[in-house]
Amino acid sequence: MPEHLTPLEPGSLAGKTALVTGSSRGIGADTVRYFAQAGANVVINFRNKAPRAEKLAAELRGLGVQALVVGADLTDPDSVAALFAEVQRAFGSLDILVLNASGGMESGMAEDYALILNRDAQVRVLENALPLMTEGARVVFVTSHQAHFIRTTPTMPEYEPVARSKRAGEDALRELIPELTERGIGLTVVSGDMIEGTITATLLERANPGAIASRREDAGKLYNVAEFAAEVARAALDPVPADNTRLVGDTGSFVAE
């Protein structure tokens, strides 16, 4: 990752605690790194990449912040409850929750796995986090243009079930905005174009060779992991947009509802 990418003001998150789901690698890892650079204590969550998560935690502790590593299967209610019990024990409260973990293109999963992970689990994680979040706390949901605009703009057939499940998750979270607003908690949906170097991009490329190059040509530029993670991190501090949506990258090929 380019060392010079420090999107948040140093010290701007001093004394705060941030949890990023799926943060042992990729966008999640860079997002959690940016929060730590800004002085936040962080919770690194992973499903099955413990050594990678521990290595990242050691790096971030070198910045002088606390880094808690907690493995959890977000589709398992008991596992999610245990995750937040750990956060409460370690920090007592939570200021930033980034819902980054998603999936559905893995092979050998049940037919409804994408919906369980990308909708049900997202809502469950937020509901478990709420008792730890106070006024001024922020929630960020990470999605893609392919999912955000799926009702009006078709996507690749290989990705459609995931896109629909991600949009269902976004809709379910948006339904909670009135309750969040009442508690003084802001929600921002960050939607990005295809991101170079992500697992999803790799799987799509495998299923549909040339897909990434074709999208890059249409868009003019695709963000890489570090650049997109910087936008996700900023969304946790910037004012919540009026429509609760932060669009990253070209949207010219997508039709708004």
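Some notes on this structure:
- Residue within the stretch 129-138 that is under 13 Å from the mean Cα position of the chain (by Cα), open to solvent by 50 Å² or more (accessible area, probe 1.4 Å) and on the phi < 0 side of the Ramachandran plot present: no
Condition check ((1) part of a helix (DSSP H, G or I); (2) touching a residue at least 24 places away in the same chain (Cβ under 8 Å)) across all residues:
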| residue | (1), (2) |
| --- | --- |
| 118 | yes, yes |
| 122 | yes, yes |
| 128 | yes, yes |
| 143 | no, yes |
| 155 | no, no |
| 161 | yes, yes |
| 173 | yes, yes |
| 189 | no, yes |
| 202 | yes, no |
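- Selection within the stretch 204-238 - in contact (Cβ under 8 Å) with a residue 40 or more places away in the chain, assigned to a loop (DSSP other than H, G, I, E, B), under 17 Å from residue 30 (Cα atoms) and open to solvent by 20 Å² or more (accessible area, probe 1.4 Å): 237
- Residue match in the stretch 141-159 (condition: within 19 Å of residue 43 (Cβ to Cβ), open to solvent by less than 50 Å² (accessible area, probe 1.4 Å) and out of contact with any His (no Cβ under 9 Å at 6 or more places or on another chain)): yes
- Leading residue by the ranking (modelled with the highest pLDDT) among those in the stretch 191-200 that are in a loop (DSSP other than H, G, I, E, B) and touching a Lys or Arg at 6+ places or on another chain (Cβ under 8 Å): 193
- Filtered residues of the stretch 24-43 (kept if of a type in the set (A, V, I, L, M, F, W, C) and under 12 Å from the mean Cα position of the chain (by Cα)): 27, 29, 32
The values are calculated or read from the model by the stated rules, or taken from the named source; none is laboratory data. None of the values given here were measured: they were computed from a predicted structure. Methodologically, a virtual Cβ is constructed for each residue, glycine included, from the backbone with ideal geometry; neighbour enumeration extends over all protein chains shown. Calculation scope for accessible area: heavy atoms of the full protein, side chains included, ligands and nucleic acids excluded. Shrake-Rupley method; radii C 1.70, N 1.55, O 1.52, S 1.80 Å.
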